[in-house]
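Heads up, the thing below is written out as structure tokens.
The values are calculated or read from the model by the stated rules, or taken from the named source; none is laboratory data. Here the structure is a predicted model, which means the values were calculated and not measured. Because the Cβ atoms are built from the backbone with ideal geometry, glycine has one as well, and the counts that use them run over all protein chains shown.
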Amino acid sequence: MDIHVQGLTKLIKKQSVLSNVSLSFSGVYGLLGPNGAGKTTLMKVLASLTGFSAGNVYIDKELINTKRFVRRTGLIGYLPQDFMVYPELTMYEVLEHVAVLQGQKSPTSYHAQIKEVAEQVNLSNHLQKKMRELSGGMRRRAGIALLLLRKPEILLFDEPTAGLDIEERIRFRNLLKQLGSRHTVIISSHIVEDIEFLCTKIGVIRNGKVLFEGSPEELKEKAAHCTYEIDVPHAELDGVIAAKEVVQMNEESSHIVVRVLSDQMIGRPVSPRLMDGYLALLKGASYG
Ligand code: ADP
Ligand code: MG
């Protein structure tokens, strides 16, 4: 299922937090933007947790907003950035609670479903743990299990990997990828690496405005012919950092390989990665 927003504008205290945002979400979609860009606000609008000032939201071309609010729809599941519910209940109890709230009356039927969603998020062995005993990554996976019980078509994840350790990040990424085969998945992040190799389509917003929407390849293209690597002796590193648009650094035994964006030929030209394209987009066309 595709979700499409058109001319979406949201004012908070007369400031526009989203201005005239038009985006078409499909596949596994990465919503990138620096802090304060409006990512969380956009997700909350889609999840019908907040209203908006103007614009339209469509699912598969059908208008789903009324009176500046997305019509509450079971099609959309939203995992907030700081997900936490009932710390003293076990994960099983939380899932059971949700199943019952949904009107499920047969324990045999919901027990089977709880087992199934716990397996999907790889937490079958932790169902009897209290929510507060789960690690950050496990808790977020429990949150996904909770969403899956409601069988949504579209899943929204707001900064899902923020604050997770590397192992959990990788596990989470694989889970998001798997979910992408059955659901439309929208992942917001301010960190390019979190969505690299994962998303089939990317949107970039800043200050509530759309800067880009397209394929990962198209975003990389933004840094075509301006991405270089230079070998820099340790002693000269500070000078290079001060003078150039540095994207990344890798330490070698005798020097540091510095990746830069530059208008002028410098060092070795290299093919741009997603991070280069994203930074080139944010900086505009010109580098020193
Ligand atoms: P992101 O998730 O991309 O970091 P947010 O959607 O959280 O961005 O916020 C976008 C902008 O809207 C920020 O400048 C933030 O300060 C502002 N904002 C969000 N919610 C409120 C609110 N309830 N009251 C005032 N300003 C808000
Ligand atoms: Mg946010």
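Kindly evaluate ILE170 against the criterion of being without any contact (Cβ under 8 Å) to a residue 24 or more places away in the chain and either within 16 Å of ligand 1 (Cβ to nearest atom) or of a type in the set (Val, Ile, Thr) (or both).
In short, yes.
Given the conditions (1) touching a strand residue (DSSP E or B) at 6+ places or on another chain (Cβ under 9 Å); (2) aromatic (Phe, Trp, Tyr); (3) under 22 Å from ARG173 (Cβ atoms), which single one is not true for TYR228?
(3)
Based on this model, can you work out whether LEU46 counts as within 29 Å of LYS177 (Cβ to Cβ), within 16 Å of ligand 2 (Cβ to nearest atom) and in contact with a Phe, Trp or Tyr (Cβ under 7 Å, 6 or more places away or on another chain)?
no
Of all residues in the range 225-257, which are polar (S, T, N, Q) and touching a residue at least 40 places away in the same chain (Cβ under 8 Å)?
Scanning the range 225-257 gives a single hit, THR227.
Return the residues of the range 197-211 that are of a type outside the set (Gly, Ala, Ser) and within 19 Å of GLY55 (Cβ to Cβ); say none if nothing qualifies.
Within the range 197-211, VAL204, ILE205, ARG206, ASN207, LYS209, VAL210, LEU211 qualify.
Show the residue pairs meeting these rules: Cβ distance below 7 Å; 6+ apart or different chains; first residue within the range 12-34 and of a type in the set (Ser, Thr, Tyr); second residue part of a loop (DSSP other than H, G, I, E, B) and surrounded by fewer than 22 Cβ atoms within 10 Å (Cβ to Cβ).
SER24/ASP2; SER26/ASP2
In contact (Cβ under 8 Å) with a residue 24 or more places away in the chain, among the basic types (Lys, Arg) and in contact with a strand residue (DSSP E or B) (Cβ under 6 Å, 6 or more places away or on another chain): is that true of LYS130 in this structure?
Yes.
When only residues in the range 243-257 that are charged (D, E, K, R) and touching a strand residue (DSSP E or B) at 6+ places or on another chain (Cβ under 7 Å) count, which is surrounded by the most Cβ atoms within 10 Å (Cβ to Cβ)?
In this case the residue turns out to be LYS244.
Kindly provide the set of residues from the range 40-85 that are closer than 30 Å to GLU133 by Cβ, in contact (Cβ under 8 Å) with a residue 40 or more places away in the chain and either within 12 Å of ligand 1 (Cβ to nearest atom) or in contact with an Asp or Glu (Cβ under 6 Å, 6 or more places away or on another chain) (or both), ordered by number.
If the condition is that a residue be closer than 30 Å to GLU133 by Cβ, in contact (Cβ under 8 Å) with a residue 40 or more places away in the chain and either within 12 Å of ligand 1 (Cβ to nearest atom) or in contact with an Asp or Glu (Cβ under 6 Å, 6 or more places away or on another chain) (or both), then THR40, MET43, PRO80, GLN81 are the ones that fit.
Out of LYS67, LYS44, LYS61, which single residue is under 18 Å from the mean Cα position of the chain (by Cα) and of a type in the set (Lys, Arg)?
LYS44
Among the residues of the range 93-128 satisfying the criterion of being outside any helix (DSSP H, G or I) and small (Gly, Ala, Ser), which is modelled with the highest pLDDT?
Per the criteria, the residue is SER106.
Go through the residues of the range 82-92 one by one and say whether even a single one is over 25 Å from the mean Cα position of the chain (by Cα) and assigned to a helix (DSSP H, G or I).
Checked against the condition, which is being over 25 Å from the mean Cα position of the chain (by Cα) and assigned to a helix (DSSP H, G or I), the range 82-92 yields at least one hit.
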